[in-house]
Amino acid sequence: MKKLLKKGTAAMMVVLGLFMAMSFKVSAATTELMKDGEFPTGGFVNAGEAVDGTIQGPGNWTQLNMGDAEVSAPYLHVIVKATGDTAKAQIAVSDTYTFNLSDLGVTLTEEYQDVVLPVKDQGITTIGWVNLMGLDGGSSVYTVKEVFLSDDAASTLAAADTATVTDTKAADTATTATTDKATDAAATPKTGESTTILYICIAALISSGGIFAATKKVARAK
C-alpha cells in the first residue's frame with residue numbers, strides 16, 4: 001500500500017510537471033505588439049491617437065507602426081471595433097498584403113472582435129506598418145485595443161450569447177445570473193493567456209511534494 005501511494009504521488013508530480021511545461025510553452029507563443037494603447041516591443045501611432053487605453057483613427061486611414069517585429073507566430077490578432085458602414089473594412093500589413101475582412105467572414109461592429117490574420121501564409125516576415133482602412137474617413141472610426149502574434153488561430157474573445165429565451169421565468173433567471181459578467185466582458189475584452197490553471201498546478205505540485213515527504217517520514221519511523 002505504501003509503495004503504491006509513493007508511486008501514485010510520483011506519477012502525479014511528473015504529470016503536473018509536464019502540464020506546467022506545456023503551459024509555459026503556450027504563454028511564450030504569444031507576442032504582444034500593442035496593448036491598451038502602448039507598444040511593448042517598440043512602435044508608435046502614425047495616423048490616429050491614443051484614447052482611453054486604445055488607438056482610435058479615421059476609417060480611411062489608421063496607421064500603427066509595430067517596430068518591424070519578427071513574425072514569430074503564424075497569426076496576427078487585432079482586437080478592433082468600428083463605427084459606420086464597415087462592409088469594405090481592410091487591414092494592410094507591412095505594405096505586403098491587404099486583408100479584406102469580408103473575405104475572412106468578418107463584419108466589424110461597435111463591439112470588439114478578434115480579427116485573425118494569417119500573416120505567415122502571405123509570406124510576411126516582419127510586422128512593420130498595420131494600416132486599417134477601406135471605410136469612410138468622415139463617418140467611420142476604428143478603435144484598436146490590442147495587437148499580438150500567436151500560434152493559435154482561435155478567437156481570444158468569448159462568443160456572445162445570442163440564444164433566445166422564450167420562457168419568461170427562465171429569461172429572468174438567466175438575466176440575473178449573467179448581467180454583471182456580460183457587462184464586464186463587454187467593457188474590457190478578455191485576451192491573452194490565463195494563468196489560473198498554472199497557479200492551480202503549482203499548488204497541487206507543492207501539495208503532492210508534501211504528501212510524498214510525509215509518507216517517506218512515516219515509512220522511516222516504522
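The values are calculated or read from the model by the stated rules, or taken from the named source; none is laboratory data. Worth saying up front: this structure is predicted, and the values here are computed from it rather than measured. Quick reminder, even Gly has a Cβ in these numbers, built from the backbone with ideal geometry, and neighbours come from all protein chains shown. SASA here: full protein model, heavy atoms, side chains in, ligands and nucleic acids out. Shrake-Rupley method; radii C 1.70, N 1.55, O 1.52, S 1.80 Å.
Within segment 57-98, which residues are part of a strand (DSSP E or B), out of contact with any helix residue (DSSP H, G or I) (no Cβ under 8 Å at 6 or more places or on another chain) and open to solvent by less than 10 Å² (accessible area, probe 1.4 Å)?
Across segment 57-98, the qualifying residues are Gly57, Thr62, Leu64, Met66, Leu76, His77, Val78, Ile79, Val80, Ala82, Ala92.
Which residue is most open to solvent (accessible area, probe 1.4 Å), if the candidates are limited to segment 103-124 and must be assigned to a strand (DSSP E or B) and among the hydrophobic types (A, V, I, L, M, F, W, C)?
By that ranking, first place goes to Val116.
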